[in-house]
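For reference, the structure is listed below as structure tokens.
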């Protein structure tokens, strides 16, 4: 975007910088505060909260508490496996359904699409009571599968909706060429279409992943056992138990923040591109 | 003789459509739609707490929710709180989102990406983290916020914001705004970018510049996006639970002043302290939430969205 | 080498009828072009032949055997697409080999056939490249190579030149013409571009609104269009159409009563008639050029389009119609000049005013 000289206005630009900087500080300050204080001794935390840790105040006691008292590596592993498995099913099933809806004409095609899109607006949480009953009946309570199934169902509507839009613009000719060359419908989907919508899959993946990783409600209700606790639930419980151990709390929170920041840095391009593309429509 | 035409086409059944649709439709139906239907069904039944006998009671649970003093107080309070929660988001979160997006799009600022990335970051944090970060920040024990207020000469304004009935809900709503302002910012930023440069240049040539340009041209063109953001905010807010639960606990203290429909549902379903859980009343509350969201979405789709002209760009 | 017969083909998408009873007999080795404006059903017809769409009714016979119930890969056809439709994840070699692999050919046979096709299309140096590393013209050559490698009975082309720029279009067009000469295969070619159709086709099928308007050689279509649609569609700039009151004694009567000499083939008498004449069949006379034939049409020059070897003069007749006249460039026309348009009787086409059908031979 070329900005003409006439449109530039130094004073206004400076004002914009000041306002944006203020919001940036407000957005980042709390997080930074937690992280820096997690490396300080208890006295230093209270004496001067905004100071960076130095040789005198540096203290890892919080982290030692977390690693000796909590089960964080396990929680982390639980979160990771549940998130990855859910993501896999959301993307696979979602892409398959999106392909069926966008590629084939069949009776009730539109109706099926509408039915699957209902879940975009209705929060799955309102069905919690039924879900819990179902999981109890099938013996899946306190297993990762309860969470994986719920997150798959939760992620499908939006992923089908977004992926159908992308599938619809995959070259018709390419699919036709595949059919003429004797590829099966499955081969056309997996070999031709899926690789072409990879950017869309990444975008949907990031959107699906964040609420799963951060969810508290379903781990609390469906899988609260020690063996299946997710990082979010584990951090919540841990912080509840160590109400007055500030070092431990700050260390636990830092540990919970870091994977998210890491993922964000990794995927922020996809995420922003996804948001931007979605809004253009 | 060859038959000239074969009018009746015998196409083999296209199994692959079923194979492609099946898994998604199955998981979605079993895990999402049936439980939602089950919620609706449960709200028409009651279970005797002693004999465990299940009886169909029709709309009795709704009758209880609306007219029994035991239920109507908490329910209307949670509903009202939820409404306030939503209004604060609409008045604070979305205008700030518009402001930031406008600033980002209006100037050719160095460091634009950095601002955008940083302001969006809190959206990615879990409620547990957000809740506790702010609980610690606002805690009188730590004194971070008191110190900061003092440094700008407002030390006397400090109070335990989350601990007082009159300020707790507003504080929570603002924390939620802090967390989610990145979403409207991003969507509006994208919408602003999608306005063709020619339109802006034409406006420049016509002498419509600066703020007038923003309000008379850009804002009108992005109204549909603002509409979508509003309905997203609505659905999100009336489904909120986590932030209250992590900062204030299931009792939504102090003295239920931060109770939302989500926390009320949780308490009703699971019980609280002395009182046992009641899945049927829980289902009734969940069904009400379902209808509130449905009505909100319907109002948006049928009354608001139609008036928001979508301009071809 | 195979002949393709299409009989009573109908296609509708819901209530929308796209093809209404198409009958075609395509001889073995013929180059047949389906020509028509967008939405005329030509691409749908091609896709039905390929098996990519299902026909609503009718049959398709290849060498007398119905292929209507076969999946695309089993029909013995190959198709070249407008957008090339190369597999983006495969190299040129992989693109050409895929169909043979699917059909179960041996490795040696595949290698041999790919090598042959690559040589024929001068693709040998590109075999290891991915489609993204090729230019538009190269991509379309690979797409053609992918089609010939399977040695199909029928080649189908779906607007293969539309995505190429003007210079390349001519080049690939020649390539396709040479290919047809060399392979003497049956080819069905869809286009909306009449230049492509005229230069490539043995016969052209003009389609409009899902119905065949005329089938014939390029010369037949140009010289004896069967109806007003074909007359207006073939030729550039388009044929001029002017209404006649009627025909009496092989002579046309203009609305004002003036007479127009008609070709020998004109009917004795006819009711309301449309007279068609190509820009080359008209000439201009100065308005003050003394005595003019009664048939001359009076008008005013609106503008002149100079094309180098000729120019097209747009004339607005006093009755309101517009006529385009082809002129030698030496004969400059200044806008605003009063002129008379004279028509060469031998170059006139006559159509019934209501049905649009050609009158006379």
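Rg and Dmax in Å for chain C, alpha carbons only: what are they?
Cα only, chain C: 24.9, 83 Å (Rg, Dmax).
In which sequence would C:349, A:17 go, from the one with the fewest C-beta neighbours within 10 Å to the one with the most?
Fewest-to-most Cβ neighbours within 10 Å comes out as A:17, C:349.
Between residue C:354 and residue B:108, what FRET efficiency comes out of the Förster formula 1/(1 + (r/R0)^6) with R0 = 51 Å and r the beta carbon distance, rounded to 0.05?
Step by step, r from the Cβ atoms, then E = 0.20.
In whole angstrom, how far apart do the alpha carbon centroids of region C:228-286 and region A:60-86 sit?
Result: 90 Å between the Cα centres.
How big is the gap, in Å, between the Cα center of region C:125-201 and the Cα center of region B:232-271?
Centre-to-centre distance over Cα atoms comes out at 66 Å.
On the Cα set of region C:1-60, report Rg and Dmax in Å, please.
11.5, 37
I need the P(r) histogram for region A:145-254: all alpha carbon pairs, bin width 10 Å from 0 out to the longest distance, whole percents.
Taking all Cα pairs of region A:145-254, the binned fractions are 12, 29, 23, 18, 11, 6, 2 percent.
What is the order of A:129, C:212, A:258, B:304, fewest Cβ neighbours within 10 Å to most?
Going from least to most buried by this count: A:258, B:304, C:212, A:129.
Report, as a whole number in µm² per second, the diffusion coefficient that Stokes-Einstein gives for the protein assembly as shown at 20 °C and 1.002 mPa s using the Kirkwood radius over alpha carbon pairs.
The diffusion coefficient I find is 63 µm²/s.
Roughly how tilted is helix A:246-280, in degrees to the nearest 10 and between 0 and 90, from the longest Cα axis of chain A?
The angle comes out near 30 degrees.
Taking the DSSP beta bridges in chain C as the whole, what percent of them are antiparallel, to the nearest 5?
75
Compute the angle between helix A:72-103 and the longest alpha-carbon principal axis of chain A, please, reported from 0 to 90 degrees and rounded to the nearest 10.
Approximately 20 degrees, to the nearest 10.
Can you check what the Kirkwood hydrodynamic radius comes to for region A:65-280, Cα pairs only, in Å to one decimal?
For region A:65-280, the Kirkwood estimate is 19.1 Å.
Can you give the relative contact order of region B:222-313 as a percent, counting alpha carbon pairs under 8 Å and 6+ residues apart?
Averaging sequence separation for qualifying contacts and normalising by length gives 29 percent for region B:222-313.
Treating the Cα atoms of region C:55-127 as identical point scatterers in vacuum, please give the log10 of the normalised Debye intensity I(q)/I(0) at q = 0.13 Å⁻¹, two decimals.
Debye output, listed in q order: -0.53.
With contacts defined as alpha carbon pairs under 8 Å and 6 or more residues apart, what's the relative contact order of chain B in percent?
Once divided by the residue count of chain B, the mean separation gives 24 percent.
Looking at the calculated P(r) for region B:61-101, what percent of the C-alpha pair distances fall above 15 Å?
Result for the distance tail: 56 percent.
Which angle between 0 and 90 degrees, to the nearest 10, do you get for helix A:10-37 versus the longest principal axis of chain A when only C-alpha atoms count?
70
With an 8 Å cut-off on Cα pairs and a minimum separation of 6 or more residues, tell me the relative contact order of chain C in percent.
Rounded, it is 16 percent for chain C.
Note the per residue figure in Å³ for the convex hull of the C-alpha positions in region C:237-352.
Taking the convex hull of the Cα positions in region C:237-352, it is 99 Å³ per residue.
From zero outward in steps of 10 Å, how is the percent of C-alpha pairs of region A:43-188 spread across the bins?
Result returned by the calculation: 9, 23, 23, 17, 15, 8, 4, 0.
How far apart, in nm, are the 7 Å Cα→Cβ label points at residue B:87 and residue A:60?
Here the modelled spin labels are 5.2 nm apart.
Taking a quarter of the surface of the convex hull around the Cα atoms of region A:95-159, what do you get in nm²?
5.2
Taking neighbour Cβ counts within 10 Å as the exposure measure, how do C:18, B:133 sort from fewest upward?
Ranking C:18, B:133 by Cβ neighbours within 10 Å, fewest first, gives C:18, B:133.
Set the Förster radius R0 to 22 Å, insert the Cβ-Cβ distance between residue B:51 and residue B:272 as r into 1/(1 + (r/R0)^6), and round the FRET efficiency to 0.05.
After rounding to 0.05, the efficiency reads 0.40.
Say R0 is 60 Å: what FRET efficiency, to the nearest 0.05, do residue C:220 and residue B:19 get from their beta-carbon distance?
0.70
Determine by what factor the alpha-carbon radius of gyration of region B:60-304 differs from 2.2 N^0.38 Å, reporting the quotient.
For region B:60-304, the normalised Cα radius of gyration comes out at 1.19.
Once you put a point 7 Å from the Cα of residue C:298 and another 7 Å from the Cα of residue B:219, both along the Cβ direction, what distance in nm separates them?
For the pair residue C:298/residue B:219, the computed spacing is 6.4 nm.
How far apart, in nanometres, would the label points at residue A:262 and residue A:13 be if each is projected 7 angstrom from Cα along the Cα-to-Cβ direction?
It is 3.9 nm.
Of all DSSP beta bridges located in the protein assembly as shown, what percent are antiparallel, nearest 5?
Bridges in the protein assembly as shown are about 80 percent antiparallel.
No lab work stands behind these numbers, since they all come straight from the coordinates. Quick caveat, the model's predicted, so the values are computed rather than measured. Glycine also receives a Cβ, built like all others from the backbone with ideal geometry; neighbour counts cover every protein chain displayed.
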